[in-house]
1. Return yes or no: is Gln250 polar (S, T, N, Q), surrounded by fewer than 24 Cβ atoms within 10 Å (Cβ to Cβ) and under 30 Å from Asn421 (Cα atoms)?
2. In region 116-146, what residues are over 18 Å from the mean Cα position of the chain (by Cα), in a helix (DSSP H, G or I) and surrounded by fewer than 21 Cβ atoms within 10 Å (Cβ to Cβ)?
3. Which number in (1) crowded, with 24+ Cβ neighbours inside 10 Å; (2) closer than 23 Å to His38 by Cα marks the one condition that Thr165 misses?
4. So which residues in region 400-432 are modelled with pLDDT of 95 or more and of a type in the set (Lys, Arg), if there are any at all?
5. Regarding region 180-203, can at least one residue be identified that is touching a strand residue (DSSP E or B) at 6+ places or on another chain (Cβ under 6 Å) and either hydrophobic (A, V, I, L, M, F, W, C) or in a helix (DSSP H, G or I) (or both)?
6. Whether any residue in region 13-26 is at negative phi and part of a loop (DSSP other than H, G, I, E, B) is what I want to check.
7. Scan region 121-157 for residues that are over 30 Å from Ser205 (Cβ atoms) and touching a residue at least 60 places away in the same chain (Cβ under 8 Å) and jot them down.
Amino acid sequence: MFTAKTRWAVLALVGLFVALGAWSLSSAVGASPDDDFHLASIWCGAGDKPGLCEATGEDGHRRLLPGLVEAGCYVFEPAQSAECQLRNQIFSQTELIDSTRGSFTANYPPVYYAITSVFATSDIPNSVIAIRIFNSLFFMGSLIALILIAPRQLRISYFWMWALTIVPLGIFLIASTNPSSWAITGVPTAWMALYLFLTQSGKRSLAAGVLFLVQVFLVSGARGDAAIYTIIGSVLIGFLTWQRTKSFAQKLILPFTASLISLYFYASSLQSTVASSGMTSTDGEAPRTALGVLAINLVQLPELWVGAFGFWPLGWLDTQMPALVWVTISGIFAAVMFLLLRGATKRRAITLLGLAAILYALPLYVLQKGLNHVGEQVQPRYLLPLIVGFAAIACLKFAETKPVLSSLQSWVILAGIAIANALALYVNTKRYVSGLNNGTGVSLDANVEWWWNIPLSPMTVWILGALGFAVAISAGFKWILLQQDKPETLVTQNFLV
């Protein structure tokens with residue numbers, strides 16, 4: 001017979017799966033940023049496949065299914081639904097066409113594309129859904145592993161680090177085919193797994209070390225910037241947990257080895273050229289000066305941080321979120337972070353200050369190298385893994401004996417996050433089903449121009465997704481509270497550093 005804790009845990013997991021499933025269905029094939037590039041890379045991720053990905057004999061070229069190249073017929077037109085996919089019948093065309101859009105010359109590390117290519121078939125829509133669900137399950141598996149390995153006192157920290165940062169950009173990308181899905185999941189998971197490895201001993205430390213290595217390998221094999229983020233995390237967590245003991249020094253061998261893996265993936269991909277040359281500058285404008293660009297970016301850069309909470313549009317930056325979404329999430333995040341910084345240990349405060357400096361200096365550097373302004377090239381999704389990592393370190397304070405938030409405050413915050421998620425999911429779904437701002441009414445079923453070939457209607461999926469997310473965070477929080485009522489003896493004493 002299930003105990004109360006087990007029932008809450010199962011309810012939370014079911015709700016989370018339903019919520020991620022709804023986000024997986026909320027957008028059409030090709031909806032995540034640069035999806036034509038990433039879909040082509042996935043279909044070619046395991047090498048040439050007859051009828052799916054074929055070499056042309058010319059470097060940087062592949063012959064691909066038209067549905068991979070032309071799926072984004074609706075991008076940059078938010079009032080236009082994804083109906084053009086059905087009208088043009090692009091997924092029924094089987095004659096391959098030539099394309100240069102893809103990681104055909106080691107533009108990105110190969111691991112993500114190789115693994116997800118397992119799902120690539122001639123049935124592009126069903127393959128895309130399968131990849132989105134797989135990436136969602138990767139997030140859920142990573143979260144479950146981290147929660148189970150952690151001491152009970154720390155589980156509330158890991159709950160809040162995701163609750164405060166996942167809406168709306170995080171959950172949209174996690175349930176997408178974009179390699180940023182793995183970066184957002186894996187970078188903060190790796191950081192916190194390393195934290196457990198360095199502060200615990202015995203089986204718990206060993207399990208955390210294995211989780212850390214797995215996450216580093218996968219995320220470094222997904223994006224070059226994620227590889228660098230794992231190295232940054234190793235340095236920060238190493239400083240945060242530093243002990244002048246032989247056993248601690250021996251443990252540092254693991255993050256050092258992991259950093260070599262990350263460096264290999266970073267150096268072997270073309271993303272490494274960003275560090276030396278920046279990103280492509282905008283053409284067709286008056287020449288820019290380094291000082292002028294710097295002056296503008298110094299004051300505009302925080303826009304990238306708020307962009308992760310919905311200030312920037314989703315998709316191909318063409319699905320604008322209502323103000324209520326980004327104001328709610330960014331306001332909650334700022335307020336809770338402010339509370340968490342109060343009374344933080346000196347070492348944790350220094351670590352957070354250093355990470356804040358990185359969040360400012362790193363995008364500023366890349367923008368400056370390419371003489372780009374904020375809003376060009378560098379996107380909030382590139383910084384989101386670091387933002388979640390910042391929240392993860394700050395949320396360690398939740399594990400202390402003295403409560404950070406009252407019960408009422410916690411439930412109000414969770415309600416705000418659930419409402420913001422429901423609104424974001426609604427707008428994102430409507431954008432592809434019938435288009436935005438075209439007078440189609442409130443019901444998502446009123447004017448369905450595009451939808452998946454499934455028995456559930458858009459409105460039904462939205463309702464299930466909104467309720468599923470609300471159930472997930474509510475039941476998850478309730479489960480966490482039950483854990484806190486039963487403290488356990490830790491194998492190390494000073495794990496809250």
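The values are calculated or read from the model by the stated rules, or taken from the named source; none is laboratory data. Keep in mind that what you see is a predicted model, and the values were worked out from it rather than measured. In this analysis, Cβ positions are derived from the backbone assuming ideal geometry, glycine residues included, and neighbour counts consider all displayed protein chains.
1. No.
2. Selection gives Val118, Phe119, Pro125, Asn126.
3. Only one criterion is unmet by Thr165, namely (2).
4. Within region 400-432, Lys430, Arg431 qualify.
5. Looking through region 180-203, none of the residues is touching a strand residue (DSSP E or B) at 6+ places or on another chain (Cβ under 6 Å) and either hydrophobic (A, V, I, L, M, F, W, C) or in a helix (DSSP H, G or I) (or both).
6. Among the residues of region 13-26, at least one is at negative phi and part of a loop (DSSP other than H, G, I, E, B), which makes the answer yes.
7. Those that are over 30 Å from Ser205 (Cβ atoms) and touching a residue at least 60 places away in the same chain (Cβ under 8 Å): Thr121, Ser122, Ile124, Pro125, Val128, Ile129, Ile131, Arg132, Ile133.
Okay, residues lined up against (1) under 25 Å from Val471 (Cα atoms); (2) part of a helix (DSSP H, G or I):
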{"site": "Leu362", "(1), (2)": "no, yes"}
{"site": "Gln368", "(1), (2)": "no, yes"}
{"site": "Phe390", "(1), (2)": "no, yes"}
{"site": "Pro403", "(1), (2)": "yes, no"}
{"site": "Ser410", "(1), (2)": "yes, yes"}
{"site": "Ala415", "(1), (2)": "yes, yes"}
{"site": "Thr429", "(1), (2)": "yes, yes"}
